[in-house]
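Read-outs: derived from the displayed coordinates by stated rules, not from any lab. Being a predicted model, the structure only gives us computed values, none of them experimental. Neighbour counts run over all protein chains shown; Cβ positions are idealised from the backbone, glycine included.
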Amino acid sequence: MDRIKILPAKGLNGEIKVPGDKSVSHRALILGSIAEGETRVEGLLEGADTIATISAFRAMGVGFEKTGDTLIISGMGLSGLREPEDVIDARNSGTTARLLTGLLSGQNFFSVITGDASLRKRPMRRVVEPLQSMGASIFGRKDSSRLPLAISPRTLTGISYRTPVASAQLKSAILLAGLYASGSTSVTESEKSRDHTERMLPLFGAEVKIEGNTVTINRARELSAATITVPGDISSAAFLMVGAVITPESHIVIRDVGVNPTRTGIIRILERMGAKVELLNKKTVSGEPVADISVKSSPLNGVLIKGEELLAAIDEFPVICVAAALSKGRTIISGAAELRVKESDRISAMADALKNLGVSCTEKEDGLVIDGIEKGTFKSASIDCRGDHRVAMSLAVAALRSEEGIEVKGAKAVDVSFPGFFTILEKACRR
Ligand code: S3P
């Protein structure tokens, strides 16, 4: 059955490895597919989201072969992709849908892209509008603001674009279209979203210029194959980090995690709350900072979370709510309206979940106010994760400090980003 009960734990201990970073994996798959020659990707996330990206490129003629821990991509070159025979299904993956909309806008064939019920509700106008202003032909449901989107071949022209929301998916969609556009294409953000695309593009030979929060790319003549090692996903590590912080006498070390500053908001926030987090063995791998993360249990205090720090922890909101609920005092999370259009409405999902667990919180249009129960434990409950992988994993982490456990309904959703999550969590638990 698609439900699982997680029991309270006395502590979390040991050395842990988490699966590859989802964002970096998508980008390696996309750039490898349009490069000339064989790209080798080590440590790729094999979750439902990245499998959706692989299936999309297979349908456009790209070959993928796995040998050991390495995925070999037989790239087709910038103009070598073939028209897919059917609709491309991005399933639950916003990154697949939005980045591919940019890439497909520059192809010389027709394509249609869709997704599952959750993805078909998510806003696409943010990518469609700038791509149309580059000359792209994109039509879709609800005045071209929702999937499915149909894309016809057009000649693209570079633009200078200031994004209305700080979104790496939006920035990346425009940069990928920019590879095919005449002249240069620039994207400026008010706050810097995750920068994996602009870090990886030069490894494939693309010319990228970064000035402050502006990224500029020139039309590319060719991309050449690269070897990419994908770091562990800090967004997956975050669940174990919070699990260790909130259960007494815990000490875990998570090996080889990506610690790109546009992603480490969770570390900064937990430290401000009073957690003991240490980065060990720092190095750079495939243009990305990587480290081992050591986390010990500690009491937490409520904090104010907003702005760039929150943006660098945007996917960690559900698990931050769990930490906040077990803190002393009040945590205020604001300026996070984007959370309403993620895999689920995460503000509403977490507000309802916390209330079910006996925590007092107030939902705001753009955030959540949580009054921590400090030394207390969550009430036992059975909660539906609303099809959202990160809500499911956050509930599992909350269960570690619950009266008699929490049942997570829809637990299979974790496969989207962290296959094996429940096994890894169970192994680390002391009971
Ligand atoms: C992602 C960007 C973020 C993030 C998502 C992955 C990416 O979304 O929430 O999980 O890989 O570019 P937005 O671009 O919508 O902020």
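Each DSSP beta bridge with both residues in the chain is either parallel or antiparallel, and the antiparallel ones are about 70%.
Each Lys and Arg contributes +1 and each Asp and Glu -1, all at the Cβ; summed about the Cα centre of the chain, the dipole is approximately 600 debye. Here the Kirkwood formula, the inverse mean of 1/r across different C-alpha pairs, assigns region 50-98 a hydrodynamic radius of 11.7 Å. Legend: calculated FRET efficiency, Asp143 to Arg340, from the Cβ-Cβ distance at R0 = 30 Å, rounded to 0.05, equals 0.90. Look at the dipole of the chain built from charges on Cβ: of Asn92, Asn281, Leu104, the Cα furthest out on the positive end belongs to Asn92. In the chain, the longest principal axis of the Cα atoms and the axis of helix 94-105 are about 10 degrees apart. Can you work out the FRET efficiency for the pair Lys209 and Ser133, with r the C-beta to C-beta distance and R0 = 22 Å, to the nearest 0.05? Rounded to the nearest 0.05, the efficiency is 0.60. Annotation: peptides 403-413, 320-330, 356-366, ranked by per-residue average of other Cβ atoms within 10 Å with the highest first, follow the order 320-330, 403-413, 356-366. Could you tell me which residue out of Leu368, Val319, Val295 lies farthest along the dipole of the chain toward its positive end? Charges go on the beta carbon: Lys and Arg +1, Asp and Glu -1, centred on the Cα centre. Among Leu368, Val319, Val295, the one farthest towards the positive end of the dipole of the chain is Leu368. Of the trypsin sites (Lys or Arg not before Pro) in region 42-146, the ones in a loop by DSSP (not H, G, I, E or B) with at most 13 other beta carbons within 10 Å are Arg82. Summed over qualifying helices (DSSP H, 4 residues or more, each -39500 (n - 2.57)) and divided by its residue number, the chain shows a 222 nm mean residue ellipticity of -8500 deg cm²/dmol. Taking packing as the residue-averaged number of other Cβ atoms within 10 angstrom, the listed peptides 374-382, 255-263, 225-233 run from highest to lowest as 225-233, 255-263, 374-382.
Between Asp69 and Lys10, the FRET efficiency estimated from the beta carbon spacing at R0 = 41 angstrom works out to 0.75. Considering only Cα atoms, the convex hull volume of the chain works out to 123 Å³ per residue. Shown here is the pair-distance distribution of region 1-73: with all Cα-Cα distances grouped in 10 Å bins from zero up to the longest one, the shares run 17, 42, 19, 16, 6, 0 percent.
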